[in-house]
1. How well do other chains shield peptide A:16-24, expressed as the mean number of their Cβ atoms within 10 Å of each residue Cβ?
2. Can you compute the FRET efficiency between B:Ile298 and B:Leu236 using 1/(1 + (r/R0)^6), with r the Cβ-Cβ distance and R0 = 22 Å? Round to the nearest 0.05.
3. Say a paramagnetic label sat at a point 7 Å from the Cα of B:Leu244, along Cα to Cβ; which residues of the stretch B:83-108 have their backbone N under 19 Å from it?
4. Starting from the Cα gyration tensor of the stretch B:117-190, take the square roots of the eigenvalues, sort them a ≥ b ≥ c, and report rounded, prolate or oblate (rounded when a/c is under 1.5, otherwise prolate if a/b is larger than b/c, else oblate).
5. If we count other beta carbons within 10 Å of each Cβ, what is the order of B:Val36, B:Val101, B:Val133, fewest first?
6. Obtain the nm distance between the two label points defined at B:Leu58 and B:Arg116 by a simple spin-label model: each point lies 7 Å from its Cα along the Cα-to-C-beta direction.
7. List nothing, just return the count: lysine pairs in the stretch B:27-314, 8 or more apart or interchain, with Cα separation under 20 Å.
8. Take every Cα-Cα distance within the stretch A:6-96, group them into 5 Å bins from 0 onward, and report for each bin the whole-number percent of pairs it holds.
Amino acid sequence: MNLPTEKRTMLTIVTEAVIEQALLRDLDRLGARGHTVSDARGRGSRGVRDAAWDEAANIRIEVICPREQADALLRHLQARYYDNYAMIAFLAEIEVLRPEKF
Amino acid sequence: MPAIDPVILFFLFGLAAGLARSELKLPGSLYDSLTVFLLLAIGLKGGQGLAMQPLLPLLPQIGAVILLGAAQTLIAFAILRHAGRFARADAAATAAHYGSVSVATFAVGIAWLGARAIEVEPQMAILLAIMEVPAILVGIVLARGVSRETDWRSLGHEAFLGKGVTLLIGGMAIGWIAGPEGLAPIKAMFFDLFKGVLALFLLEMGLIVSRQIGELKRCGAFLIAFGLGMPLLSALLGLGTGILLGFSVGGLTLLATLAASASYIAVPAAMRLAVPEANPAISLAASLGVTFPFNILIGLPLYHWLAIQFAGAIV
């Protein structure tokens, strides 16, 4: 059976927990209709971020939206946050049910 | 009186376990819960003391500690910028840490004085909450200037309604409204368990501090010297302020400890948002890796001794 799916883009951001509120405000302002935030741990060029306490905590934010919007969000992140914050962000093509939600 | 307080031994245990790369790890949510407990307990204790005295005489004291916090930030900035040749943003962010206060250090101070049955003015909890804030604002202005781009609304929100200030003020309000009799039913939880919770909290602090040691090696001798010298200078400023305000020996010791302490919760978060180009590793290595252990191991007894000398010199 073929599911009635449509293509969308998922933007994933892994970054410092301290900027969560600022980031979510930006996403909202740039028109993202929803997001999912989860706590995250890991290691990268900025060392181990093991979430043992506030300063070393990471979050992962996921946003599903049309490709153009994901591009715009990513451009904004690059301009505003990449220089000074521990952040990686990437896009993935995905298929969704209920496309009107995204 | 034991030679060394058991809560300090918990800290040293955490530090040793961390340095030995033990698997020991407390869950992050426990650390958060312990912080909430300590802040509320300190607030409640201060609040119930305030219920028994008029509030108006506190205004000049509040004004004095705001000036104290701002002055410490400016002095630390000048030292870091000129003697340490720090970049403007790094100097401003680190200075803000030293102008602000550490609740953990304050809690150890309360426990230390309590163990020796030394009386402390109840308003110290208010002064603790007040002193968190001015350094943040001064630090941002030092880094940025007063520029239009600064989002003062969200920074004000961060500075005045952060976890620390909110819990302290909330605890104080509850303690003030309920008074000592009203608090009697929850006394066992918040006052009697205080030292046990502090011990557990300091175990985690030891682990956190042990992670700063590597960073400290990278930062070099100047930062270590600053981390030891700045609290001494600040403690003297705090003692001077306390003398002007007519504090008791206990109050003098605690105000000196407050002044000497460097923030590692409220200020790092605010600076990360407001001055993102500052390297947070530098200020945390100094405030956590050097100043916090120095204050609780050596500083406290020293500030108490100085407080006795200062108070004795006036009488």
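1. 3
2. Between B:Ile298 and B:Leu236 the formula returns 0.90.
3. Backbone N within reach: B:99-101.
4. Prolate shape, in that a/c is at least 1.5 and a/b is the bigger ratio.
5. B:Val36, B:Val133, B:Val101
6. Taking the simple label geometry, B:Leu58 and B:Arg116 are separated by 2.6 nm.
7. 4
8. 3, 14, 26, 25, 17, 10, 4, 1, 0
Laboratory data are not the source of any read-out in this text; all were calculated from the coordinates shown. All of these numbers come straight from a predicted model, not from anything done at the bench. As a convention, Cβ positions derive from the backbone with ideal geometry for all residues, glycine included, and neighbour counts pool all protein chains shown.
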